[in-house]
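Have a look at the structure below before the remarks.
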Amino acid sequence: MTSQTKHYVELTDIVAIRCECRRCGASVSLPVMENVRTEGLQCCPSCNEHWAQLNPVLPHQSIEPAIRTFIGSLTTFKGVLERTSSNQSEGGFRLTLEVKGDASREAV
């Protein structure tokens, strides 16, 4: 018999995004809010590994704008869903994201 476990997260449960350095393991969490500051993502605060800066020679090439857009869109979407839920006494739907489970547990 095969067994499968699914993991879901509601958007209201997402309060921050986390960046973790692949080199040293240091991490930075950014809150999910409008006008979040992403300047600190240019490099790891611990070992200076390049993060958001795509090309060390061309510092203007960065994924910072995409991160800000993602967080802004998530904030907007959460607000829309909250307003929709408060306007519906019954029915409607709950939006969740399916996330990958722990690979070590799924191998069983």
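Nothing in this text is a laboratory measurement; each read-out follows from the coordinates by a stated rule. Since we're looking at a predicted model, the values are computed, not measured. Glycine also receives a Cβ, built like all others from the backbone with ideal geometry; neighbour counts cover every protein chain displayed.
For residues that are part of a loop (DSSP other than H, G, I, E, B), over 19 Å from residue 74 (Cα atoms) and under 19 Å from the mean Cα position of the chain (by Cα), tally how many sit in the range 24-44.
Result for the range 24-44: 4.
Regarding the range 67-78, can at least one residue be identified that is under 14 Å from residue 30 (Cα atoms), without any contact (Cβ under 8 Å) to a residue 12 or more places away in the chain and not small (Gly, Ala, Ser)?
Checked against the condition, which is being under 14 Å from residue 30 (Cα atoms), without any contact (Cβ under 8 Å) to a residue 12 or more places away in the chain and not small (Gly, Ala, Ser), the range 67-78 yields at least one hit.
Has the range 83-93 got any residue that is on the phi < 0 side of the Ramachandran plot and under 20 Å from the mean Cα position of the chain (by Cα)?
As a first pass, look at the range 83-93 and keep what is on the phi < 0 side of the Ramachandran plot: 83-90, 93.
Those still in the list that are under 20 Å from the mean Cα position of the chain (by Cα) too: none.
So far as the range 83-93 goes, no, none of its residues is on the phi < 0 side of the Ramachandran plot and under 20 Å from the mean Cα position of the chain (by Cα).
For the range 45-65, enumerate the residues that are part of a helix (DSSP H, G or I) and exposed (fewer than 11 other Cβ atoms within 10 Å of the Cβ).
Passing the criteria: only 65.
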